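Take a look at the structure below.
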């Protein structure tokens, strides 16, 4: 990071002091990140976020006063909110995505994924723990299901093997969609295809519009569905 680049400013909200300390230690040693505040409950998280205007809020779900889902709802228009929790219940994932979460991580995912999630959120991407993503996509394998249940519906994923996209994807868009399904970020896709991240972002917006998907999870699910139907 250059001396002139401003580090990513992060607020950590969790009712367990040891978790907050662990996250601070992980993030503060990154050259492009700094933890600007901690909060032990949801109400304090919202108050501190409005006062300090961090770039990213890491929010636990089960906190006193306001839970992390309500924190996400109140702050998602102001900053990137990444839900980091022990609990991966479908309803939690569903609500977090619907409220605009920029990521959903399990605490057991480890420090590398935590760091990647913060950087992905700032790049306009969304990182979801692999265990959860697999479950979202596996919902699509249920024969005869007419709609995506729980979190997949929140991600804007069409029902399994439904009618095709509103408008056919171009070959370039299909290529980008497949890379999204592989977990690549916009920067990684751009490097792979020799185009700028901004161009990738524009293509991705068109892909989501054509598929009726709200975010990258929906795009990845569509790719998985196509692969499953062609087996």
Mind listing whichever residues of the stretch 59-71 are within 20 Å of residue 115 (Cβ to Cβ) and in a loop (DSSP other than H, G, I, E, B)?
60
Kindly indicate which of 84, 29, 19, 56 is in the same structural domain as residue 109 (by TED's automatic domain parsing), more than 20 Å from the chain's Cα centre (by Cα), touching a residue at least 60 places away in the same chain (Cβ under 8 Å) and within 17 Å of residue 113 (Cα to Cα).
19
Just need a number here: residues in the stretch 8-50 that are in a helix (DSSP H, G or I) and more than 21 Å from residue 99 (Cα to Cα).
12
Could you list, in sequence order, the residues of the stretch 75-93 that are crowded, with 19+ Cβ neighbours inside 10 Å and part of a helix (DSSP H, G or I)?
75, 92, 93
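The values are calculated or read from the model by the stated rules, or taken from the named source; none is laboratory data. Just so it is clear, the model here is predicted, and its values are computed rather than measured. Note that we place each Cβ from the backbone using ideal geometry, even for glycine, and neighbour counts take in every protein chain shown.
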